[in-house]
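Written below as structure tokens is the structure these notes are about.
The values are calculated or read from the model by the stated rules, or taken from the named source; none is laboratory data. The structure presented is a predicted model; accordingly, all values stated were derived computationally and were not measured. No Cβ is skipped: glycine too gets one built from the backbone with ideal geometry, and neighbour counts run over all protein chains shown.
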Amino acid sequence: MKLVLLRHGESEWNLENRFTGWTDVDLSDTGRAEAAQAGRLMSAEGLDFDLCYTSLLKRAIHTLNLALEAMDREWLPVEKSWKLNERHYGALQGLNKAETSDQYGEEQVHIWRRSFDVPPPVLTADDPRNPALQTMYRDVPASELPLTESLKDTIRRVTPYYETVIHPQMSAGKRVLIAAHGNSLRALMMYLEQLTPEQIMQVNLPTGVPLVYELNESGAMLHKHYLGDAQAVAQKMQKVSDQGKAKR
């Protein structure tokens, strides 16, 4: 089986180096170009799909739409779920990462960004950033919606969704593309590659670059590779790694 993971293209808040989380910001011009290029790369690789999944956040939805447009596959069925949303960054959402490092120190920000089980500061229930107060989650029980999340928390919602919804479709022969976010996709990478918490902390997923997995019948990874120029992919990974550094 083949499974393709696609992190959304650069968002407006990626560009501004802000903690985004569940804030519904759109793609930047660069992000839109990345999404279209991802579609072209997948076409050039000879990839095709039967079913697509994405989150409820527009930066992932628009990335998927632009990639499918470039592939002439806009007619493909798409399932959207909040279970594929980005990790919820709590009270950090909207803050500039470098300025937050200046205030709290790079080590603390690195812990918030990259630790496995330490969540950022929690939102209060009356904060307008609380997803329970937002229309797009009106059909989700408030008790299920987070006010902050660690990567461990994100894994707890992403992995069961993959196991119960996505993987059965793949086992039935469907070719699947998932367009989502850095941390929700890292959750899947940890699951597929059986990474340890220490290993996943070192993974930096580049924006707008298709990651192709080859899996055996049980869903275990046989091989993976990114599409596109290896040096450009490495530069994008380093850019993600540098986001939490203090201003010099």
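Answer with yes or no whether Asp153 is more than 17 Å from the chain's Cα centre (by Cα), modelled with pLDDT of 95 or more and either crowded, with 18+ Cβ neighbours inside 10 Å or under 28 Å from His110 (Cβ atoms) (or both).
Details: more than 17 Å from the chain's Cα centre (by Cα): no; modelled with pLDDT of 95 or more: yes; either crowded, with 18+ Cβ neighbours inside 10 Å or under 28 Å from His110 (Cβ atoms) (or both): yes.
When the stated conditions are applied, Asp153 does not pass them.
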Residues of the range 93-139 satisfying the condition of being among the basic types (Lys, Arg), under 25 Å from Val240 (Cβ atoms) and not in a helix (DSSP H, G or I): Arg129
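So if I check each of Gln238, Gln169, which one is assigned to a helix (DSSP H, G or I), at pLDDT 95 or above and either more than 30 Å from Ala125 (Cβ to Cβ) or more than 17 Å from the chain's Cα centre (by Cα) (or both)? Don't jump to the end; show me each part of the working.
Values: Gln238 fails: at pLDDT 95 or above.
Gln169 is the lone residue from the list that is assigned to a helix (DSSP H, G or I), at pLDDT 95 or above and either more than 30 Å from Ala125 (Cβ to Cβ) or more than 17 Å from the chain's Cα centre (by Cα) (or both).
May I ask you to list the residues in the range 175-197 that are surrounded by fewer than 17 Cβ atoms within 10 Å (Cβ to Cβ) and either touching a residue at least 40 places away in the same chain (Cβ under 8 Å) or part of a strand (DSSP E or B) (or both)?
Pro197
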Flag if Val203 is out of contact with any Leu (no Cβ under 6 Å at 6 or more places or on another chain), in a strand (DSSP E or B), of a type in the set (A, V, I, L, M, F, W, C) and surrounded by 15 or more Cβ atoms within 10 Å (Cβ to Cβ): no
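What do you reckon, is Leu133 aliphatic (A, V, I, L, M), more than 28 Å from Met42 (Cα to Cα) and free of Cβ contacts under 8 Å to residues at least 24 places away in the same chain? Walk me through it before giving the result.
Numbers: aliphatic (A, V, I, L, M): yes; more than 28 Å from Met42 (Cα to Cα): yes; free of Cβ contacts under 8 Å to residues at least 24 places away in the same chain: yes.
For Leu133, the condition - aliphatic (A, V, I, L, M), more than 28 Å from Met42 (Cα to Cα) and free of Cβ contacts under 8 Å to residues at least 24 places away in the same chain - is met.
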Gly228, sole failed condition from (1) within 22 Å of Ile166 (Cα to Cα); (2) touching a Leu at 6+ places or on another chain (Cβ under 7 Å); (3) modelled with pLDDT under 95: (1)
